[in-house]
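Since the structure comes first, as structure tokens, the remarks are kept for the end.
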Protein chains: 2
Amino acid sequence: MEMSLKDKSIAVIGLGLLGTSLAMALKGKCRELTGWSRQEKVRRYVLDNGIVDNAPESPSEAVCNADITVLCLPIPVICDFLRQHAGDFKSGAVVTDIGSVKGIIVRTGEEALTPSGVKFVGSHPMAGTEKTGAFAAFPGLYDHAEVFITPTENTDESALSSVYALWSAVGTAIRVITPDYHDRLVAHTSHISHLLALGITLSVLNEDDPQLRRDRFSGCATGFRDTSRIASSSPSMWREIIEANQQPVLEAIAEFERYFNEIKELIKSGRFDEFEKLFARGKELRDSWIAYKNSEHNCKW
Amino acid sequence: MEMSLKDKSIAVIGLGLLGTSLAMALKGKCRELTGWSRQEKVRRYVLDNGIVDNAPESPSEAVCNADITVLCLPIPVICDFLRQHAGDFKSGAVVTDIGSVKGIIVRTGEEALTPSGVKFVGSHPMAGTEKTGAFAAFPGLYDHAEVFITPTENTDESALSSVYALWSAVGTAIRVITPDYHDRLVAHTSHISHLLALGITLSVLNEDDPQLRRDRFSGCATGFRDTSRIASSSPSMWREIIEANQQPVLEAIAEFERYFNEIKELIKSGRFDEFEKLFARGKELRDSWIAYKNSEHNCKW
């Protein structure tokens, strides 16, 4: 999979936190780096600060000479861009993305680009902070981040190598899996947690009676704070993710419900010895997960 | 409600984190302070360090002269102690506790103690750390902590005043509510979060297939970490709490399920505009809860 980026021209489309941080991390590692944002002030910022070599106003101009293009846009915008700009890429070019759902993007990319001889390979870097936008970007965002690359049976070997080289260059840990496996995996490891956080927030805080509402607000402490934290995420972003990953999310919901119903039945029927055993099993799993995470890169979770 | 502890003899029964910290915070504020632990080394520790004035081996001896006794024991042990030692308290004495469920304890306390002219009033201080035991105790544990005091229609005014004075003396913020209201409140604000954390941990990590298990362990990040955090709590303690609060917990589960089913139906039927609106409502509630918490005592949540 060894391949150098040194002779490649790379375009980063979309200069939010992830796109701008990627440009910062790629700077100096490729022949030419082009950035595109629909906002003039962002194009000026990345040019003035030497984050990119070029920042044309037109997205067509930004991608037309690129050997590798990375679409750093919201999921539906990635799909729209692939359809609208399919004819703007040069033949033989490689296109990837950073979307956190892969099936719908990879299908759209292959359908839109294959007729023009352009190669699409999906990527999903697990990176981010609580901030958004170009001005929150920093070059170390991808250090040790996990990236999924999701080729299909249609994927060209050399296109896969280019995308692999791209993510290697910015210091990520790469896993190659299929788009469907990816989407089922993240439905479990990430998407369903957001639905639970939303559900607990609504069921605890969405209370009309003023006295009860005040008591609920006051009575919630650190347990609730952490269980509900990701309910404070972006509603539009999570709508896009859940909409793009509908079926795997419904499967993850069903799997959660199986366990939650088991917990409920143990409580309802007073089988508290079994409840305690199940809780001990959960604690054992979570403690071993924390130990696993702490053993990776010497991080402290 | 003003009353001094200066002329009172106080007994703290059970010298774990909460009991020992309470003794430390009460030191010098009452006439006499007695501690009891079933562990000889803990009795020696609190005596040798001047945390209490007396630490007799016998629990009967520890409570027999106390004006106020505070039972700092696990929930079922509080109930057992009340039944077994009802005859050991002096007539007119006041007994309270620190159990995190109130209905069952208050009923047990009133039934067991009223015949001997001893007054029971339940308390629940919302205090603790991730540590346990006397050696983790510190005098500031109760500073600004919220305490629920839960009188009933049977509660004597002067007994309520004594318990109020006790918790005032250690710097807590006091709320007086009924045991039933308390138990429904904490079922929502605390207990159900532990069941969700357990459910998500089991549904994500309890996977037999080695490859999928490895991918789940690897793929989980900060969202899962926080949503699942309290699944690492003590299984025996949470068994005791849930067992003692069975019906309110089942009601809180039902309320959560109503919202979670609404979320699921929106996803299943593809009504993503409504899903986004509901997510925005959850975010608004949680963000306003965080702002409310940050405005209390200038804490940073």
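A compact table of results
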quantity	calculated
Complete set of residues in the stretch B:130-157 that are touching a Ser or Thr at 6+ places or on another chain (Cβ under 9 Å), touching a residue at least 60 places away in the same chain (Cβ under 8 Å) and part of a loop (DSSP other than H, G, I, E, B)	B:Thr132, B:Gly133, B:Ala137, B:Phe138, B:Pro139, B:Gly140, B:Leu141, B:Tyr142, B:His144
Matching residues, the stretch B:216-261, being more than 17 Å from B:Leu205 (Cα to Cα), without any contact (Cβ under 8 Å) to a residue 60 or more places away in the chain and aromatic (Phe, Trp, Tyr)	B:Trp238, B:Tyr259, B:Phe260
Criterion: in a helix (DSSP H, G or I), within 26 Å of B:Tyr181 (Cα to Cα) and either within 8 Å of another protein chain (Cβ to nearest Cβ) or not polar (S, T, N, Q) (or both) - qualifying residue of B:Phe260, B:Phe275	B:Phe260
Among the candidates B:Leu166, B:Leu185, B:Leu160, residue that is facing chain A (nearest Cβ under 8 Å) and either modelled with pLDDT of 95 or more or assigned to a helix (DSSP H, G or I) (or both)	B:Leu185
Candidates B:Ser233, B:Ser193, filtered to the one that is modelled with pLDDT under 95, under 21 Å from A:Phe272 (Cβ atoms) and in contact with a helix residue (DSSP H, G or I) (Cβ under 7 Å, 6 or more places away or on another chain)	B:Ser233
Any hit, the stretch B:100-107, residues being surrounded by fewer than 19 Cβ atoms within 10 Å (Cβ to Cβ) and of a type in the set (A, V, I, L, M)	no
Conditions (1) of a type outside the set (D, E, K, R); (2) without any contact (Cβ under 8 Å) to a residue 60 or more places away in the chain; (3) in the same structural domain as B:Glu130 (by TED's automatic domain parsing): number failed by B:Thr189	(3)
Residue that is small (Gly, Ala, Ser) and more than 22 Å from A:Pro151 (Cα to Cα), where the choices are A:Ser60, A:Ser91, A:Ser4, A:Ser100	A:Ser60
Tabulated pairs, the stretch A:20-31, first at negative phi, second in a helix (DSSP H, G or I) and charged (D, E, K, R), C-beta under 7 angstrom, 6+ apart or interchain	none
Residue match in the stretch A:225-236 (condition: farther than 22 Å from B:Glu262 by Cβ, at the interface with chain B (Cβ under 7 Å from one of its Cβ atoms) and of a type outside the set (Val, Ile, Thr))	yes
Any chance B:Ala252 is at the interface with another protein chain (Cβ under 7 Å from one of its Cβ atoms), surrounded by 18 or more Cβ atoms within 10 Å (Cβ to Cβ), outside any loop (DSSP other than H, G, I, E, B) and within 22 Å of the chain's Cα centre (by Cα)	no
Matching residues in the stretch A:60-100 - criterion: being in contact with a strand residue (DSSP E or B) (Cβ under 8 Å, 6 or more places away or on another chain), under 26 Å from A:Glu157 (Cβ atoms) and in a loop (DSSP other than H, G, I, E, B)	A:Asn65, A:Ala66, A:Asp67, A:Cys72, A:Phe89, A:Gly92, A:Ala93, A:Ile98, A:Gly99, A:Ser100
Any hit, the stretch A:28-42, residues being within 16 Å of A:Ser168 (Cα to Cα), in the same structural domain as A:Leu160 (by TED's automatic domain parsing), touching a helix residue (DSSP H, G or I) at 6+ places or on another chain (Cβ under 6 Å) and of a type in the set (Lys, Arg)	yes
Candidates B:Arg286, B:Arg216, B:Arg239 - the one that is facing another protein chain (nearest Cβ under 8 Å), among the charged types (D, E, K, R), more than 27 Å from the chain's Cα centre (by Cα) and assigned to a helix (DSSP H, G or I)	B:Arg216
Verdict on A:Thr227 being at pLDDT below 95 and β-branched (Val, Ile, Thr)	no
Extreme residue, farthest from B:His194 (Cα to Cα), among residues of the stretch B:101-114 that are assigned to a helix (DSSP H, G or I) and aliphatic (A, V, I, L, M)	B:Leu113
Test: residue in the stretch A:66-86 that is assigned by TED's automatic domain parsing to the domain that holds A:Gly128, farther than 21 Å from A:Trp167 by Cβ and without any contact (Cβ under 8 Å) to a residue 24 or more places away in the chain	yes
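Residues checked against (1) farther than 18 Å from B:Asp97 by Cα; (2) more than 12 Å from every other protein chain (Cβ to nearest Cβ); (3) without any contact (Cβ under 8 Å) to a residue 12 or more places away in the chain; (4) in contact with a Lys or Arg (Cβ under 6 Å, 6 or more places away or on another chain):
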site: B:Lys119; (1), (2), (3), (4): no, yes, no, no
site: B:Arg175; (1), (2), (3), (4): no, no, no, no
site: B:Leu195; (1), (2), (3), (4): yes, no, no, no
site: B:Glu207; (1), (2), (3), (4): yes, no, yes, yes
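The values are calculated or read from the model by the stated rules, or taken from the named source; none is laboratory data. Quick caveat: nothing in here was measured; it's all calculated off a predicted structure. Every residue, glycine among them, receives a Cβ derived from its backbone with ideal geometry; neighbour counts consider all protein chains shown.
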